[in-house]
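The values are calculated or read from the model by the stated rules, or taken from the named source; none is laboratory data. The model shown is predicted, which means the values in this text are computed figures rather than measured ones. Cβ: placed from backbone, ideal geometry, glycine included. Neighbour counts: every protein chain shown.
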Amino acid sequence: MCIGTTITRSQGTTGATGIGTPTGLPADVTVSWASNTITFAGSPSASGTFNYTIPLTGGCGSVNATGTIIVTPNNTAATVSNTTMCIGTTITRSQGTTGATGIGTPTGLPADVTVSWASNTITFAGSPSASGTFNYTIPLTGGCGTVNATGTIIVTPNNTAATVSNTTLCIGTTITRSQGTTGATGIGTPTGLPADVTVSWASNTITFCRFSVSIWYI
């Protein structure tokens, strides 16, 4: 039986007029005797294999009612860290489970990401085709309890750079030009700039500037 569920079990006797103190029962399971029947009641609060002994009283002989109650724990799904990835890249993520025998239909996954289950592991596959923050739910099937595997996948869009018009200026004058970006955290070494023009990046903006050099002759 599953942990926390109500036990439905009875055991017949003959000759006895009652029962003594049982041993080996799961926690929160009790027994009573009436009309030659031992009736079990309660909801076990601990999992495990319980080999019980219930002594019969009255009548003849020293006899025990015995048996085994196997209490199965509820399914579990591992807690996993958020996965942050770029749009269009292959996801590498898995999530462990215990107790379940499979999974149901997931909800909340990024588009083009799928999941499969085998050997107590949920495996994610695919390449997300949409950016955003995706809080998913994957129901576990089989085993005990109503349990979902949950987590978050953050899909980041590709960097962008704004398209800007041509800048025409006179030689030796100060350049006033900037170009917006999204997603990037900086810039690398530029190529193809005019001599004495440099660029810097801050707050998603590339700023162009003219570097002046003064030469003194003595």
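The combined condition, being of a type outside the set (S, T, N, Q), surrounded by fewer than 15 Cβ atoms within 10 Å (Cβ to Cβ) and not in a loop (DSSP other than H, G, I, E, B), is fulfilled by residue 70. With the condition kept exactly as written, say whether any residue in the range 88-95 is among the aliphatic types (A, V, I, L, M), at pLDDT 95 or above, in contact with a strand residue (DSSP E or B) (Cβ under 8 Å, 6 or more places away or on another chain) and in a strand (DSSP E or B). There is no residue in the range 88-95 that is among the aliphatic types (A, V, I, L, M), at pLDDT 95 or above, in contact with a strand residue (DSSP E or B) (Cβ under 8 Å, 6 or more places away or on another chain) and in a strand (DSSP E or B).
Give 169, 109 a once-over and let me know the one that is of a type in the set (A, V, I, L, M, F, W, C) and either free of Cβ contacts under 8 Å to residues at least 40 places away in the same chain or not assigned by TED's automatic domain parsing to the domain that holds residue 83 (or both).
169
A quick yes/no check of all residues on (1) touching a helix residue (DSSP H, G or I) at 6+ places or on another chain (Cβ under 7 Å); (2) under 30 Å from residue 90 (Cβ atoms); (3) surrounded by fewer than 11 Cβ atoms within 10 Å (Cβ to Cβ):
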| site | (1), (2), (3) |
| --- | --- |
| 114 | no, yes, no |
| 126 | no, yes, no |
| 135 | no, yes, no |
| 160 | no, yes, no |
| 168 | no, no, yes |
| 195 | no, no, yes |
| 201 | no, yes, no |
| 205 | no, no, no |
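Looking across the range 16-32, the residues that are in a strand (DSSP E or B) and in contact with a Ser or Thr (Cβ under 7 Å, 6 or more places away or on another chain) come down to 18, 19, 23, 31, 32.
Inspect the range 90-105 for any residue being in contact (Cβ under 8 Å) with a residue 40 or more places away in the chain, more than 30 Å from residue 5 (Cβ to Cβ) and either in the same structural domain as residue 137 (by TED's automatic domain parsing) or β-branched (Val, Ile, Thr) (or both) and give the result as yes or no. Yes: one or more hits. Selection of the range 84-103 for residues being among the polar types (S, T, N, Q) and buried (at least 16 other Cβ atoms within 10 Å of the Cβ) yields 95, 97.
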